[in-house]
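Quick notes on the structure that follows.
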Amino acid sequence: MTLHGGTAYAAAFDHVQAVDSATGDVTATIEPEGTAAAEDTGVTHDAGPPALVTTGGKPTLVTPFLVRQAGTGTQADHQAVEIAVSDADTAKVLWRLTLRLPEWGDDHACRSRPPPLAALRAG
């Protein structure tokens, strides 16, 4: 869980809910555009909380989602990490970036999860 002002951002593998900490009401939901990998492949992974960073002087959430991308042509389906960057005050998604994982990311025998956000730097 990530706290910002009066909002708690609670993460699950396929979404993040913005919860008003005073009332308990869900005020917004952040979801990946792609299909969360655990929904269609049986992959289990830990959902980490979104990172709270400052970008251009504004509080911003950076949330990774493990997603499944459909292959095209001779390419097989594969896993990717979709990073949703949102305004921390409104939970509105500002932009997204999808990164295809190396071949090991499609090995369902390994435990898959989005990469740690410590590797990301906003500036």
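The values are calculated or read from the model by the stated rules, or taken from the named source; none is laboratory data. Just so it is clear, the model here is predicted, and its values are computed rather than measured. No Cβ is skipped: glycine too gets one built from the backbone with ideal geometry, and neighbour counts run over all protein chains shown. Keep in mind that these areas ignore ligands, DNA and RNA; they rest on the heavy atoms of the full protein, side chains included. Shrake-Rupley method; radii C 1.70, N 1.55, O 1.52, S 1.80 Å.
Numerical summary
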quantity	calculated
Enumeration of residues in segment 4-31 that are touching a Ser or Thr at 6+ places or on another chain (Cβ under 7 Å), within 15 Å of residue 84 (Cα to Cα) and of a type in the set (Ser, Thr, Tyr)	9
Residue that is modelled with the highest pLDDT, among those in segment 80-102 that are touching a His at 6+ places or on another chain (Cβ under 9 Å) and over 27 Å from residue 3 (Cα atoms)	100
Restricting segment 51-99 to residues that are part of a strand (DSSP E or B) and of a type in the set (Lys, Arg), the residue that is least open to solvent (accessible area, probe 1.4 Å)	68
